[in-house]
Amino acid sequence: MKWARILAIVFLVTVASASLLANFVAPASYAYQFREEPDASLSRHHLLGTDDLGRDRFSRLLYGTRVSLLLAPAASLLASLLGLLIGGLAGFAGGWIERLVMSATDLFLSLPWLFLLLTVRAVLPLNVSPLISVTITFALLGCLGWAGAARMICADARSIRESEFVLLARASGNGGLRLLWRHVLPNLRAIALAQFWISIPVFIITEANLGILGLGITEPLPSWGGLLRNLQSYTAITGEPVQFVPLILFVAVVGSFHLVLHDKELTV
Amino acid sequence: MIASLAKLALKLLLTLLLGGLLATTLVRFAPGFGMDEAQLDIRLSNQSIDALNHQPKENIAGFYYRYCQRLLHGDFGRSRTLERPVSELIRERLPETLKSVGLGLFLGWVLGLSLASIAVMARSASLDWLAGIFCGTLLCLPAAVLAIVFVIAQAPERLVLAAAVFPQIYHYARNLLMRSLNQPHVLTAWAKGMGSLRLLCWHVLRPAAPQLLAVAGVSASLAFTTAIPVEALCDLPGVGQLAWKAAMGRDLYLLVTLTVLVTAVTLIANSTCELLGNMLGARRA
């Protein structure tokens, strides 16, 4: 399976590079309307045709990929840092603090996440600018996704706390904060990194679900959720197979993440 | 047994109280809370609107007490967008969701467990690889996309939940069964010529049963979560569709009640599975 993982990494790097260079690669801006060519089919100028508003589908796909591929890791970083902070401190402290934090984590994990996400999203305004909607969507994902990471990190922190080298460090006079900073946190880096990678595809899928339901990033800024939402207008008679390109790319990217992660899960 | 039941009931009660408090706090501090529609009446003078605005607002503790009191009396409040009592809406739509979730879970489990058993017992790398690719692809698809694909293909919408649950079950079940199968005593039994079906039932599935039961609880939560996009996009009149409508209309009363209700259902499912798993584990020990 090593070749499959290498292929997945190469594919992810290619897609990420193309989306980051969207300003140069894309033939037009994601919001630019070719008003004379709505619903145009594939051509040299429009590699994937245009949508019903005359916007170039290929450009929108590149920019949408950029939004999802940049912000899902950002949300994942936020969730992992929160998990590291909460889980690491709870595991290191032990006793009633650990029990309390783990009970809160259990409560958080038992809540149906999409219901919770919808509730929190509904509290916030729906008619916001695209930039704010991007920030809200991914910040929410990051803030609500810490519980799983915290649980794993807490278990690791507990085992480190009970390990011999920490006992020796304590015996050598290392205080609580120094012990945490010098000995515990560096040893939690691997599990936090694994949680970071694991959360990325989860957040990409969640954003897609929210976007399709109309609760994600608002138009005209494209995201995978918004692009996949267009599939709702697909009909067997008038629909073009090219409309499935975002879906194929989505599956390929998330699948590649899963393939790479398989390796990560084994090594951590 | 009674002690663990009491512990579970206490945990359930505490979780619901805490969840309810969080939900109430959200409703209480949501923008627009306590605003009276009468304020939009153009016939009202500025003084009247000011008077409406300056009506004393209840504190969070009082609000929570009254909210819980109403909940205990079966009064879940009134939906702002649908202008109907929430309890009536839930009574109408819950059976539809339970039907979809029940069918989805049943089919998902039958398909997932069967495929995992076949893939593990066949010990064929190609079959395992094919099943892995198929389930892996399904795992990459958001539930909302699955729902759209089913609508486009004019397939029965109720099967979407099964398609979303099945790969998760396969993934967990395959790993658990593989671990059981690789136990030395199982390999010995196999080498001595024990039949595949007997080996599967007695030495592979039975030891994995407690863990599989734990997965069953998680899959119930997954199915309820998946019900939102599926019901919203397939136009199934269930609780998921109601939650989506409430989110679009910022109907927090309805949304919060639904969240608490679904949390209660998933917690009961999780706790029951945990209890059964513990019982099975204890009997085996």
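If only the Cβ of Lys and Arg carry +1 and only the Cβ of Asp and Glu carry -1, the dipole of chain B around its Cα centre is close to 1220 debye.
Contact order for chain B, expressed relative to its length and based on alpha carbon pairs under 8 Å spaced 6+ residues apart, stands at 24 percent.
Relative contact order of chain A: 24 percent, from C-alpha pairs under 8 Å at least 6 residues apart in sequence.
Dividing the convex hull volume of the alpha-carbon atoms in segment B:107-201 by its residue count gives 92 Å³ per residue.
Adding -39500 (n - 2.57) for every DSSP H run of four residues or longer, then dividing by how many residues chain B holds, sets the calculated 222 nm ellipticity at -26000 deg cm²/dmol. Residues whose amide H falls under 5 Å from that of B:R78, counting only those 5 or more places apart or on a different chain, are B:V86, with hydrogens built in the peptide plane.
Converting phi to 3J(HN,Hα) with the Karplus coefficients 6.51, -1.76 and 1.60 and the offset θ = phi - 60°, segment A:82-93 yields 4, x, 5, 5, 6, x, x, 5, 5, x, 6, 6 Hz in sequence order, with x at every glycine or proline. Counts of other chain beta carbons within 10 angstrom of each beta carbon in peptide B:239-247 average 4.
For the Cα atoms of chain A, what angle does the longest principal axis make with the long axis of helix A:130-144, in degrees from 0 to 90, nearest 10? With rounding to tens, the tilt is 30 degrees.
For the protein assembly as shown, rounded, prolate or oblate, judged on the Cα gyration tensor with a ≥ b ≥ c (square roots of eigenvalues), a/c < 1.5 rounded, else prolate if a/b > b/c? Rounded. In a reduced charge model with +1 at each Lys and Arg Cβ and -1 at each Asp and Glu Cβ, segment A:39-190 shows a dipole moment near 360 debye about its Cα centre.
When only Cα pairs below 8 angstrom with a gap of at least 6 residues are kept, segment A:96-235 shows a relative contact order of 27 percent. Potential lengthening of the chain between A:R99 and A:E164 amounts to 21.1 nm, from the contour at 0.36 nm per residue minus the alpha-carbon distance. For the peptide A:219-225, the mean number of other protein chain Cβ atoms found within 10 angstrom of a residue's Cβ is 1. Buried surface between chains A and B: roughly 3200 Å² of accessible area, summed over both sides, computed with a 1.4 Å probe on protein heavy atoms only. The loop-placed trypsin sites (Lys or Arg not before Pro) in segment B:85-144, going by DSSP, that have at most 15 neighbouring Cβ atoms within 10 Å of their Cβ come out as B:R123. For chain B, modelled as a Gaussian network with Cα springs under 10 Å, which listed residue fluctuates most, B:P184, B:P167, B:P229? Top of the fluctuation ranking is B:P184. Share of segment B:146-285's accessible area from carbon and sulfur, percent, 1.4 Å? Roughly 62 percent, rounded to a whole number. Largest GNM mean-square fluctuation across B:L72, B:L258, B:L17, computed for chain B with C-alpha springs under 10 Å, falls on B:L72. By the combined test of axial Cα extent (at least 20 Å) and Kyte-Doolittle hydropathy (mean at least 1.0), the qualifying DSSP H helices of chain B come to B:2-29, B:86-122, B:125-140, B:206-234, B:252-284.
Along segment A:173-181 the Karplus relation, 6.51 cos²θ - 1.76 cosθ + 1.60 evaluated at θ = phi - 60°, assigns HN-Hα couplings of x, 6, x, x, 5, 5, 4, 5, 6 Hz to successive residues, with x for each Gly and Pro. Rolling a 1.4 Å probe across the protein heavy atoms gives segment B:97-223 an accessible surface of 47 Å² per residue. The long axis of helix A:113-123 is offset from the longest Cα principal axis of chain A by roughly 70 degrees. Distance between the C-alpha centres of segment B:103-160 and segment B:262-285: 25 Å, rounded to the whole angstrom. Peptide B:231-238 has a mean shielding of 1, counted as Cβ atoms of other protein chains within 10 Å of each residue's Cβ. Look at where the Cα atoms of segment A:87-140 and of segment A:181-199 average out, and the two centres are 20 Å apart. For segment A:138-268, the share of accessible area belonging to carbon and sulfur comes to 62 percent (1.4 Å probe, ligands and nucleic acids excluded).
The values are calculated or read from the model by the stated rules, or taken from the named source; none is laboratory data. Everything numeric here is computed off the predicted structure, so don't read it as measured data. Every residue, glycine as well, gets a Cβ built from its backbone with ideal geometry; the counts of neighbours run over all protein chains shown. These area figures cover heavy atoms from the full protein model, side chains too; ligands, DNA and RNA do not enter into them. Shrake-Rupley method; radii C 1.70, N 1.55, O 1.52, S 1.80 Å.
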